[in-house]
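K.L.:
First the structure, then my questions, so here it is.
The values are calculated or read from the model by the stated rules, or taken from the named source; none is laboratory data. Given the structure is predicted, the values throughout are model-derived calculations rather than measurements. We place every Cβ from the backbone using ideal geometry, glycine too, and count neighbours over all the protein chains shown.
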Amino acid sequence: MPLTPPPPPASWRPRTVATRGGLQRSQFLETDEAIFMTSGFVYGSAEEAEAAFATDGQRFVYSRYANPTVSMFEERLRLLEGAEMCRATGSGMAAVFAAFACFLKAGDRVVASRALFGSCLNILTQILPRFGVTTELVDGRDHAAWEKALAKGARAVFVESPSNPTLEIIDLKTVADLAHAKGALLVVDNVFASPLLQKPFAFGADIVVYSATKHIDGQGRSLGGAILGPKKFFDDHLLNFLRHTGPSLSPFNAWLLVKGLETLEMRVRRQCEVALAVARFLEKHPKVKRTLYPGLASHPQHDLAAKQMTGFGSVVCFEAGTSKESAFRVMNALKVIDISNNLGDTKSLTTHPATTTHRRLSPEERAAIGISDAFIRISAGIEDEADLIDDLDQALKRI
Ligand SMILES: *Cc1c(COP(=O)(O)O)cnc(C)c1O
């Protein structure tokens, strides 16, 4: 079994790639992808071990470097994304951190959009600065703000689009062009769009990162992450970093994720349908002050989302009343939708960002990205939308 499976026929369309891409069968010719739950691999002789280490990358030697089940997941995602290389990690945050830590050094500058997932913000503003990397945050929707910040130069630019949880849409092509003009790499966290709905490489992204915990698993079972990009970046920076720092994905979790890719399209398309139905209901509800969903014409960047994405995603946000108390009352009254900070799951989930994922931000920082105390995020699952709407309707009666 080679480290990198032979590519599938070029004629295979995405749905076939999602089901069969990267599959390598063992000598037992199993139908399903096998779980190679092993930390190491054996050699027939000391000479064979010597040769394996001398000709690095030719065979499996240790699961921190590569593992057959993990490689199947990486290859399937690589083919779906259309990237030169893909490596999986144990979580989405391990992917984000590795994507930066593998190539940034003291004195480098990162420019990022301000509307980011809390842990991504923490890496950029708390962890990397301890190693001498500085970060400037801008309003990612403001072209002039990018130009001004990039005038000082940068080694990397980071965006999340749509952003978690405020659903800001970043114009990827514009930001890629501005970043490249300064010699910076554009890193895109594509979690909210999922591999199905947005192809950042088509707009000029250099590196794409995923939390595979979200839509790729999408069934609440496993953490995981992935980094995709050009071979040169992997050869020059990332492979060495991953190999020696070891944020590896477990073979068992890789198996969950490779199976997740097989049903990704069905799940995400359904989630988009459910999200739109929920958003339309909330938008008309008298107790709801503001509803945010890129698929609603009322979203300030609806046109950009329509241009850049092939679907509007599974997350809807709204303000329930005007306070933390009113938001909590609605969440606590829900009987179908669970309170949980995960997203992209088949089960609909809801969370209160101001007191959970974004609680470390100051009230001013939260206000700057539009997270009020009444702000609730819903991750649409695949249940019947009528049951979710009934649930929200009865819960909103509490305020
Ligand atoms: C969840 C999330 C991450 C982190 O992924 P984990 O798998 O939880 O480590 C990163 N970025 C975004 C946008 C996310 O939603």
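K.L.:
Looking at F117, F158 in this structure, which one is modelled with pLDDT under 95 and surrounded by 20 or more Cβ atoms within 10 Å (Cβ to Cβ)?
P.N.:
So the residue among F117, F158 that is modelled with pLDDT under 95 and surrounded by 20 or more Cβ atoms within 10 Å (Cβ to Cβ) is F117.
K.L.:
Within the range 89-128, can you find the residues that are more than 14 Å from the ligand (Cβ to nearest atom) and of a type in the set (F, W, Y)?
P.N.:
F103
K.L.:
Restricting to strands (runs of 3 or more DSSP E) lying wholly in the range 118-225: which have 2 or more residues that are touching a residue at least 60 places away in the same chain (Cβ under 8 Å) and at negative phi?
P.N.:
185-189, 207-211
K.L.:
Is it the case that M1 is assigned to a loop (DSSP other than H, G, I, E, B), closer than 30 Å to R267 by Cβ and at pLDDT below 95?
P.N.:
In short, yes.
K.L.:
From G204, G220, G225, G183, grab the single residue that is at pLDDT 95 or above, of a type in the set (G, A, S) and buried (at least 24 other Cβ atoms within 10 Å of the Cβ).
P.N.:
Numbers: G204 fails: buried (at least 24 other Cβ atoms within 10 Å of the Cβ); G220 fails: buried (at least 24 other Cβ atoms within 10 Å of the Cβ); G183 fails: buried (at least 24 other Cβ atoms within 10 Å of the Cβ).
When all the criteria are applied, what remains is G225.
K.L.:
With F36, F103 as the choices, which residue is hydrophobic (A, V, I, L, M, F, W, C) and in contact with a Lys or Arg (Cβ under 9 Å, 6 or more places away or on another chain)?
P.N.:
Going through F36, F103 in turn, the sole match is F103.
K.L.:
While we're looking at this one, here's another question. Kindly list the number of the only condition in (1) under 16 Å from F73 (Cβ atoms); (2) part of a helix (DSSP H, G or I) that fails for E50.
P.N.:
So E50 meets the others, but not (1).
K.L.:
Next question. Taking only the range 168-197 into account, find how many residues are within 11 Å of the ligand (Cβ to nearest atom) and touching a strand residue (DSSP E or B) at 6+ places or on another chain (Cβ under 7 Å).
P.N.:
Selection size over the range 168-197: 5.
Here is a yes/no grid of residues against (1) assigned by TED's automatic domain parsing to the domain that holds S163; (2) buried (at least 21 other Cβ atoms within 10 Å of the Cβ); (3) farther than 20 Å from T166 by Cα; (4) acidic (D, E):
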{"residue": "N341", "(1), (2), (3), (4)": "no, no, no, no"}
{"residue": "G344", "(1), (2), (3), (4)": "no, yes, no, no"}
{"residue": "S348", "(1), (2), (3), (4)": "no, yes, no, no"}
{"residue": "T356", "(1), (2), (3), (4)": "no, no, no, no"}
{"residue": "R366", "(1), (2), (3), (4)": "no, no, no, no"}
{"residue": "G370", "(1), (2), (3), (4)": "no, no, no, no"}
{"residue": "R377", "(1), (2), (3), (4)": "no, yes, no, no"}
{"residue": "I389", "(1), (2), (3), (4)": "no, no, yes, no"}
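K.L.:
Can you report the number of residues in the range 279-310 which are surrounded by 15 or more Cβ atoms within 10 Å (Cβ to Cβ) and in a helix (DSSP H, G or I)?
P.N.:
So the answer is 10.
K.L.:
In the range 349-369, how many are assigned to a loop (DSSP other than H, G, I, E, B) and either within 16 Å of the ligand (Cβ to nearest atom) or aliphatic (A, V, I, L, M) (or both)?
P.N.:
Looking only at that region, the number is 7.
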